[in-house]
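To start, the structure itself, in structure tokens.
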Amino acid sequence: MLEKVLVANRGEIAVRVMRTCREMGIATVAVYSELDREAMHVRMADEAYALGGETAAESYLHTGAILDALRRSGADAVHPGYGFLSENADFARAVTSMGVTFVGPPPGAMEVMGDKISSRLAADRVGVPGVPGRSEPITAADEVVEFAKTHGWPVAVKAAFGGGGRGMKVVHAADGAADAVESARREAQAYFGRSEVYLERYLSWPRHVEMQVLADMHGRVLWLGERDCSTQRRHQKLVEESPAPDFPDGVRRAMGAAAVRVSEACGYVNAGTVEFLYQDGEFYFLEMNTRLQVEHPVTELVTGLDLVAWQLRIAAGEALPFGQDDIERRGHAIEVRINAEDPALGRFAPSPGTITAFATPAGPGVRLDAGYAAGDTVSQYYDNLVAKLIVWAEDREAARRRMLRALEETRLTGISTTIPADVVILSHPDFVAARHSTNWVEERLDLSHLPVGGGADAPTPAPPESWDSPEELEAREVTAEVDGRRYRLKLWVPTGRTASSGAAAGSTGSAGSTGTSSTGSTGTPGTGAAGRARPRAARSSAPGTGSGSVTVPMQGTIVKVLVSPGDTVRAGQTVCILEAMKMENAISAERDGVVKEVRVVPGDSVGPGDVVAVVD
């Protein structure tokens, strides 16, 4: 069995992996960026090593820094989680070349399935057809137009080396092709480190149904059951469930068999997910994610299997002791993702900031996988998933009602979250009747009644009452970094308190906790990506007032400016593109007029309410 695992990730998935490792008696090693110095996954690990940098490219995508931490820690395995380097075959090879176990598939299988183009070809060879599309990367917008002449509009432009909806843009007409290709390439490069994109026909009302597979090194490949992940926005999932509702058992078994054939075709080992689109009784191969999925807990709850534990056992060479007929699926599980986004008006605008309070739900059949606690900061530089709430019950309706109860118990303030949208989704008759699709949230769900910034400004619970104490020494646990390795130390220090002063303002109550910040920003306001100072722009009135000042609603980085002084613009026209939490957001003019001033350039960092342009 493995003895020490380095988790090459952050957030809730790093915490999730570490919990199973602890139960199995396996030591854990965390890696962290400058912004994650006191993050939950760092606090939980047995050891932690600094990667340096703030952005993903400077830290969690920095292969050299992670391999250096691996050498120094002496870990005998690496678990990549999902995202970041989890589907990077070169990283997997670099790990194994050091004599260290990579908890995932062989690099060759990762290359076949990690490239969405080659995966389509591999699936087709074993009789599993994909959505009609191009099986080579595209480089120009006119290729999108030519594809549409054969397959019709809309067309999906997708990252060839990605997944999870990142780097995917839907083009509805020829005049939008160039911007979509450029934006998809930028997002793909930022999130996956590869900018290649390809084309598929965009299905109008499909369901996203995926099949969990588990394969050992001894030739046994099993399908564990399906998950319906159709409730999405921006092609990224919001709610997942297992089993898929209103889904014929014959289709389920055929899909499971297809997932096994696809896995066998690439020599797959470990846990993986084969994704399909299902429409009008037919299913089409979409892609294979050669890693653990975000939504894996719903499969765990209906099968009783710990997928992370089996990942570790398979990586250590163990054979699966059960066969396909031994897998039992019981009851119904639903997962909702709690993201740092403001769902008001259906915009799902990123909402980085500091969590001021986080009261978690409990009770029968309730599980919470969180990567943050009160006092932690959700940074603009990383994915905005704060936590996953998962429930299990005997049937779907009972699980739906249990989830609504659990969401009602959840109190998370300091940032906006998707919880209000989750409640609307789960309460809607379309969801109850399983009439939803991947386009349902954006095309039919009414979120206009949700208040802007809901939850972000809720009152923070009062701090504990101060207590009288003479000035004295007290034990305080602190963290220190020595030669890049994080240590926890206990120091005896003066309290700094008098009998009347109460607790010192900045003290921490437990090892590794960060305290609550009064601001939601990270880093230094007004500093561009290249580190140059920029004067802080004046604040304007709230967006949507028709003001001539074009403001940004969130913290992020300007990646493109589309207007210049003297240009004529119309209300709703995009002025610039803001990247926040790996998503691109169009910042638009609120009225017709002439651009008087542009205050930003690509690379500038901006905060909520900053003025980026002025329209007369």
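Share of carbon and sulfur in the accessible area of the range 11-50 stands at 46%, probe radius 1.4 Å.
If you average the C-alpha positions of the range 219-296 and of the range 388-426 separately, how far apart do those two centres end up, in angstrom? Taking the Cα centre of each part, the range 219-296 and the range 388-426 sit 24 Å apart.
Based on protein heavy atoms only, the chain ends up with 39 Å² per residue of surface accessible to a 1.4 Å probe. Along the axis of the charge dipole computed for the range 1-120 (Cβ charges of +1 for Lys and Arg, -1 for Asp and Glu, origin at the Cα centre), the listed residues 52, 35, 119 are led at the positive end by 119.
Ordering 147-153, 86-92 by mean Cβ neighbour count within 10 Å, with the highest value first, yields 86-92, 147-153. Distances between placed amide hydrogens fall under 5 Å for residue 77 paired with 4, 6, 101, all partners being 5 or more residues away or on another chain. The order of the peptides 55-65, 283-293 by mean Cβ neighbours within 10 Å, most packed first, is 283-293, 55-65.
The figure for residue 477 is an accessible area of roughly 90 square angstrom, using a 1.4 Å probe on the protein chains alone. Rounded to the nearest 20, the Cβ-based charge dipole of the range 368-447 about its Cα centre (Lys and Arg +1, Asp and Glu -1) stands at 180 debye. The per residue volume of the convex hull around the alpha-carbon atoms of the range 1-84 is 75 Å³. Around the Cα centre of the chain, unit charges on the Cβ atoms of Lys, Arg, Asp and Glu (plus for the first two, minus for the last two) sum to a dipole of about 340 debye. With point charges of +1 on the Cβ of Lys and Arg and -1 on the Cβ of Asp and Glu, referenced to the Cα centre of the range 335-402, which listed residue (382, 370, 336) lies farthest in the positive direction of the dipole? About the Cα centre, the residue reaching furthest to the positive side is 336. In summary, the helical segments of the chain meeting the span-like criteria, namely a full DSSP H run, a Cα extent along the axis of 18 angstrom or more and a mean Kyte-Doolittle hydropathy of at least -0.5, are 11-23, 177-192, 249-265. Counting only protein heavy atoms and using a 1.4 Å probe, the accessible area of residue 116 comes to about 0 Å². Separation of the alpha carbons by more than 31 angstrom is noted, of 116/582; 158/560; 116/149; 4/169; 4/388, for 4/169. A probe of 1.4 angstrom, applied to the heavy atoms of all protein chains, finds residue 1 with accessible area near 110 square angstrom. Label-to-label distance, residue 139 versus residue 19, with points set 7 angstrom from Cα along the beta-carbon direction: 4.8 nm. Normalised by the number of residues in the chain, the mean separation of alpha-carbon contacts (under 8 Å, six or more apart) gives a relative contact order of 11 percent. With the helix formula -39500 (n - 2.57) applied to DSSP H stretches of n ≥ 4, the chain reaches a computed 222 nm mean residue ellipticity of -7000 deg cm²/dmol.
Heavy-atom surface analysis with a 1.4 Å probe gives the range 141-250 a carbon and sulfur content of 49 percent of its accessible area.
Can you classify the range 220-321 as rounded, prolate or oblate using the Cα gyration tensor, where a ≥ b ≥ c are the square roots of its eigenvalues, rounded means a/c under 1.5, and otherwise it's prolate if a/b beats b/c and oblate if not? Here the range 220-321 falls in the prolate category.
The values are calculated or read from the model by the stated rules, or taken from the named source; none is laboratory data. Given the structure is predicted, the values throughout are model-derived calculations rather than measurements. All Cβ positions, glycine included, derive from the backbone under ideal geometry; neighbour counts span all protein chains shown. When the accessible area is computed, the model is the full protein with side chains, heavy atoms only, and any ligands, DNA or RNA have been set aside. Shrake-Rupley method; radii C 1.70, N 1.55, O 1.52, S 1.80 Å.
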